[in-house]
Every structure is written in C-alpha cells, then in structure tokens.
Amino acid sequence: LFNILTQCIESNDMTLAWNTAVALGRSGDPNAIHILKKTYQDTKQILIKNYSVFGMGWIKDNSAIPILNEILSDKKEQEVVRSHAAATLGYFKGAEAVKLLKDIITDKESMKKQSDVVAAAAMALGITKDESAVAVLGGLLNNTEQRIDSKIRSYAALGLGRAGTEDALKELKKA
C-alpha cells in the first residue's frame, strides 16, 4: 500500500495527489516524511503543498520539525503555505516546536508583515499545551502597549482556549 501511495502522490490528478498526502500523513509512518517533503518541493499546487505540510505533522515524528522550520524561514514561500507549517507545529510536543512557535510570535517583523503566519503560530502554541504558552498568548491578547492585528488577537484567544488551563481562562477573562 505504501508503494501505491508513493506512486499516487506523483499523479497529475490534483485530487488524487492531495488525498494521497493526507493518507500518507494519517498512516503515521515516519518513512512518509521524505516523500511528503519531496512532494512539497516538487509541486506548484498550493493545496498539495499544504496537505504535504500537514501530512508531516500528522505523522508526529520530530524529524519533520527541521523541514517545517525551513518552510517557515523561506520568505519567498507564500504566506498561506508558511501558515500551514506554523499550524502543523501544534501537532508536536516538546521544546523544539514550542520554541519555533514562540520565535514566530515574538518576531516584530512577522507581526507586521506575516499576520497569517503569526495567527497560525498562536493557535498552534495553544494546541501544544506547553505551560509557557499561556503567558505568551495572554501577552498577545491583552497587550495594551502596541496595536496588534485583530486576527492575531483572535487566534491568541483560540490558542488560550485550546490550552485549556485555569490561567488561560484568566487571560481570556481579562480580554
């Protein structure tokens, strides 16, 4: 089955290709990461790129984190694809993914020019349920010192909801 999926993802049929990316991701097989990365690199189709990125996250193998970081760091990549890479980091538990998400959220340049990426990172940070997420997300939501895009604030609230702690609820009530 894995060999068939590997062949299908290279199909010219866009629907077959993106569904195959989903299937490879849902398989949970770390061997699929390199196939999804190659598909991401080889295609021009945004939908296939996005599902290849999500597929890497669904596998939940930390070897995908550096690949996602490459995508996030590529300023030439479309914001929607970079947003999917940020959102995908929420599937990972551990310091490496949390650090990448915090770096995105605290980067003033991204805050100004890449609001979709920052918003996706805020939601993903809450999904990680990392203890330090609440302070960062609460800081975004309740920041009175600078004007923060309403989309980013909304996703910070969503992230706090996903964190689901008493402290997260306190931050939501402040807002």
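The values are calculated or read from the model by the stated rules, or taken from the named source; none is laboratory data. Bear in mind that the values here come from a model prediction, so they are computed numbers and not experimental data. Cβ: placed from backbone, ideal geometry, glycine included. Neighbour counts: every protein chain shown. For accessibility, only protein heavy atoms count, side chains too; no ligands or nucleic acids. Shrake-Rupley method; radii C 1.70, N 1.55, O 1.52, S 1.80 Å.
Laid out as a table, the results:
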{"item": "Selection count, segment 107-143, where residues are polar (S, T, N, Q) and closer than 15 Å to Val80 by Cβ", "result": "3"}
{"item": "Filter result for Ala95 (of a type in the set (A, V, I, L, M, F, W, C) and either over 24 Å from Arg26 (Cα atoms) or open to solvent by less than 10 Å² (accessible area, probe 1.4 Å) (or both))", "result": "no"}
{"item": "Inter-residue pairs, beta-carbon under 7 Å, first assigned to a loop (DSSP other than H, G, I, E, B) and in segment 144-171, second open to solvent by less than 80 Å² (accessible area, probe 1.4 Å), 6+ apart", "result": "Ile148/Leu140; Asp149/Ser115; Thr165/Val134"}
{"item": "Which numbered condition Asn50 misses (of (1) on the phi > 0 side of the Ramachandran plot; (2) surrounded by 14 or more Cβ atoms within 10 Å (Cβ to Cβ); (3) not acidic (Asp, Glu))", "result": "(1)"}
{"item": "Residues of segment 121-163 that turn out to be open to solvent by 60 Å² or more (accessible area, probe 1.4 Å) and either in contact with a strand residue (DSSP E or B) (Cβ under 7 Å, 6 or more places away or on another chain) or within 26 Å of Leu68 (Cβ to Cβ) (or both), as a count", "result": "10"}
